[in-house]
Amino acid sequence: MQLAITAPSILVSTQAIDFRKSIDGLVDVVMSVFNLDPREHMIVFHNRARDKVKVLAWHKTGFVLLLKRLEKGRFGMMDNGDDQGVVTLTAQQLSWLLAGLDWVKMSDWGELEYRDFR
């Protein structure tokens, strides 16, 4: 079985959260701290050690909460977000983040064209 989750935007919290929070606690953070509708965004949270992330998303009839733990290394996060404390990601950047890659550095790589090799 594969679960397809889509959202108009993907946001990453720039501040670590208490990882004891589950769906209701994270929904409360999104609504009270970020002033956002949690059903309209996919939100990525990280713990203080940055070895775990939780992804909160709306899926048709309810919320889904995904947890990923890296066995080695840390997730790359940005410490500077907008006024709400979040950074917007693309689907590709989220994929890199969940793979444990440095999505910030990878985002700076532009697509090369043939004329760039002259």
Based on what the data block shows, is Phe75 in a loop (DSSP other than H, G, I, E, B) and touching a Ser or Thr at 6+ places or on another chain (Cβ under 9 Å)?
no
Would you please name the residue that is farthest from Leu11 (Cα to Cα), looking only at residues in the stretch 56-76 that are among the aliphatic types (A, V, I, L, M), surrounded by 13 or more Cβ atoms within 10 Å (Cβ to Cβ) and out of contact with any Phe, Trp or Tyr (no Cβ under 8 Å at 6 or more places or on another chain)?
Leu70
Within the stretch 9-55, track down each residue that is in a loop (DSSP other than H, G, I, E, B), surrounded by 13 or more Cβ atoms within 10 Å (Cβ to Cβ) and among the aliphatic types (A, V, I, L, M).
Ala16, Ile17, Val33, Leu36
Within the stretch 80-107, how many residues are farther than 21 Å from Glu40 by Cβ, modelled with pLDDT of 65 or more and assigned to a loop (DSSP other than H, G, I, E, B)?
4
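The values are calculated or read from the model by the stated rules, or taken from the named source; none is laboratory data. Note that the structure is predicted; figures quoted are calculated from it, not measured. Heads up, the Cβs are rebuilt from the backbone with ideal geometry, glycines too, and the neighbour counts pull from every protein chain shown.
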